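Presented below is the structure to which this report refers.
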Amino acid sequence: MKLHRNRHNFSILLFNRKSKCLIFFIFLLLIGYYKLNEDKVYSIYRIESSSIPDYVPNIPKYIIQTSKNSIDMNNSTKSFIHLNPTYKYFHYTDLAADEFVRNTMPDYIYRVYSSLPISVLKADYFRYIVLLVKGGIYSDADTVCLRPIDTWFNQMNTNKVGLIIGIEADTTLWEVFDGTYARRIQIVQWTIAAAPGHPILHQIVKKIADITPTMILKTITEKQILEWTGPAVWTDVISDYFLAKYKFSLRNLKNLEQPKLVGEDIYVLPITAFSPGLKRMGSKSINDPQAKVQHLFAGSWKNSNH
C-alpha cells in the first residue's frame, strides 16, 4: 500500500514537472516569436497611383460609410451627420465602391479586390483603399457617433495628426487561443481616421494583395476573415510599422488610459474611445468623456457568405 502511494506521488510529481517544462517551453517559443518579429527586416512599400496624394499629416473633414445597396439613413448614420455639420459625408454602395477601386487603384489591386469571394472581405479592403486615396474618418454603418469628431483631436497637435486608431482588445493569451480575439492587443478597424497617403495604409493595401492568392485557396472561416482583411492583419501591419520605424511594441499599449502619441503623427486611443460599454478590459461607459464611437455589432458578416 505504501509502495503504491509512493508510486502515485511520484507520478504526480513527474506530471507536474512535465507540465512545468511544457509551459516553460511554450514561454520560450513566445519570447522567440516576439524577438523575431522585432528584429526582422522591414521595407516600407508604396502603392503607385496618381490618385494617391503625397502624405501630409492632416486628416480631411470627410465622413465615409458603406452599405450593400443604398443609403440607410438610420439613427447611426444620422448621428455622424448631425454631430458633425462641418464634415462632408460620403456613402458608397457596393457598386460605387467597385467603381472607386477600379478608377483609383493599379490594375493588380483592382484584380485582388474583384477576386475577394465574399462581401465582408471587400468591405474591409475598401475602407483601407478609400482612406489611402481620400482620407477622412471611416466608420461602419452600425456605429454611433457619441461626440463631435472635432473633439477627438483634443490633447493632440492638430497640425500633425496623420492617423487615429483605437484599442479593440487588451486581453489574455487564453482569449486569443480560444478565438475570442485574434491578438492580445487588437486594433479597431470599424472606425479609423487617417490622412490620405499615410504609409500604414500603403502597407495594409499591399499586404492584403500579397496574401490573397494563398488565402483564396482556403475554406473561408471567421478566423480566416480576421487574418485576411480584418483586425488581425490590420493589427499586424500596424505592429510591424511601429517596430520598424519607432522600435515601439504594441505591448506598450497594455492598460492604456490616455491617448498615446506614437512617432510624430499617430495617436492610439484607449479602449473606451471606440469600444465603450464592454464592462471589461478597462472599457468604460458610453457616457464617459473618452467614449467617441459605439459599435452596435449589427452587421451580419459572421453568418453571411454574400
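Computed from the coordinates by the stated procedures, all read-outs in this text should not be read as laboratory data. All figures in this text were calculated on a predicted structure; none of them were measured in a lab. Positions of Cβ are backbone-derived with ideal geometry, glycine not excepted, and every protein chain shown enters the neighbour counts.
Once both labels are modelled 7 Å past Cα along the beta-carbon direction, what's the E99-N154 spacing in nm?
4.0 nm
Calculate the FRET efficiency for K78 and N287 from the Cβ-Cβ distance with a Förster distance of 25 Å, rounded to the nearest 0.05.
The calculated FRET efficiency here is 0.80.
Report the paramagnetic label zone for R111: residues of the range 190-226 whose backbone N is under 19 Å from a point 7 Å from Cα along the Cα-to-Cβ axis.
205-218
Using a basic spin-label model with each label point 7 Å from the Cα along Cα→Cβ, how many nm lie between S51 and K223?
3.5 nm
Using the beta-carbon distance between V176 and F297 and R0 = 22 Å, what value does 1/(1 + (r/R0)^6) give for FRET efficiency, to the nearest 0.05?
Efficiency, from the Cβ-Cβ distance: 0.65.
Is there a pair in K160/K218; K78/K134; K245/K292 whose C-alpha atoms are over 31 Å apart, and which pairs would that be?
Among K160/K218; K78/K134; K245/K292, the Cα-Cα distance tops 31 Å for K160/K218.
How much net charge surrounds P231 when only other residues with a Cβ under 10 Å from its Cβ are counted (Lys, Arg +1; Asp, Glu -1)?
That sum, taken over residues with Cβ under 10 Å, equals -3.
How large is ³J(HN,Hα) for each residue in the range 169-176, as worked out from phi by the Karplus curve 6.51 cos²θ - 1.76 cosθ + 1.60 (θ = phi - 60°), to whole Hz, x for Gly and Pro?
Using θ = phi - 60°, the values come out as 9, 9, 10, 9, 4, 4, 6, 6 Hz.
Going 7 Å from the Cα of K61 along its beta-carbon direction, which residues of the range 84-114 have the amide nitrogen within less than 20 Å of the resulting point?
84-91
Can you tell me how much longer the chain between K68 and L278 gets when fully stretched, taken as 0.36 nm per residue apart minus their C-alpha distance, in nm with one decimal?
Taking 0.36 nm per residue and subtracting the Cα distance, the gain is 72.8 nm.
If the cut-off is 19 Å between C-alpha atoms, which aspartates and glutamates fall inside it for K284, apart from same-chain ones fewer than 8 positions away?
Counting by Cα, and skipping residues close in sequence, K284 has these aspartates and glutamates nearby: E168, D170, E257.
For Y110, what charge total do you get from the other residues with a beta carbon under 15 Å from its beta carbon, if Lys and Arg give +1 and Asp and Glu give -1?
Taking every other residue near Y110 into account, the sum is -1.
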